[in-house]
Amino acid sequence: MEQILNPLYVIFQWQNFLLMLLGTLVGVVVGILPGIGSTQAMALMIPLTWKMDITPAFILLISIYATSKFGGSLTAILFNIPATIRMP
């Protein structure tokens, strides 16, 4: 049980949680924009994470990657405009 609770404690610290919310917001906006993919968004955020500790940096980058894939499906579903190429 301790192996499950320790990562949850790290993720839900207020600094990491705010970075996760920031990454979610950036990821959805990047996913909605046509032509910009999740890898480009992560590459643009690398300079921000350069001086960070490894855990908050990974939390930020993973939340950007995951939600940009979701943001690409928003325009595809709502407006029938493909924003990103989805992997099968």
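No lab work stands behind these numbers, since they all come straight from the coordinates. Computed from a predicted structure; not experimentally measured. All Cβ positions, glycine included, derive from the backbone under ideal geometry; neighbour counts span all protein chains shown.
Across segment 62-74, coupling constants 3J(HN,Hα) worked out from phi with the 6.51/-1.76/1.60 Karplus curve, θ = phi - 60°, read 5, 5, 5, 5, 5, 7, 6, 5, 5, x, x, 7, 5 Hz, and Gly and Pro carry x.
Helices in the chain, meaning DSSP H runs of at least 4 residues, each add -39500 (n - 2.57). Divided by all residues, the mean residue ellipticity at 222 nm is -25000 deg cm²/dmol. Modelled spin-label separation between Leu74 and Ile54, with each label point placed 7 Å from Cα along the Cα-to-Cβ direction: 3.3 nm. Helix 38-49 axis versus longest C-alpha principal axis of the chain: approximately 40°, rounded to the nearest ten. Using all pairs of distinct alpha-carbon atoms, the Kirkwood hydrodynamic radius of the chain works out to 13.7 angstrom.
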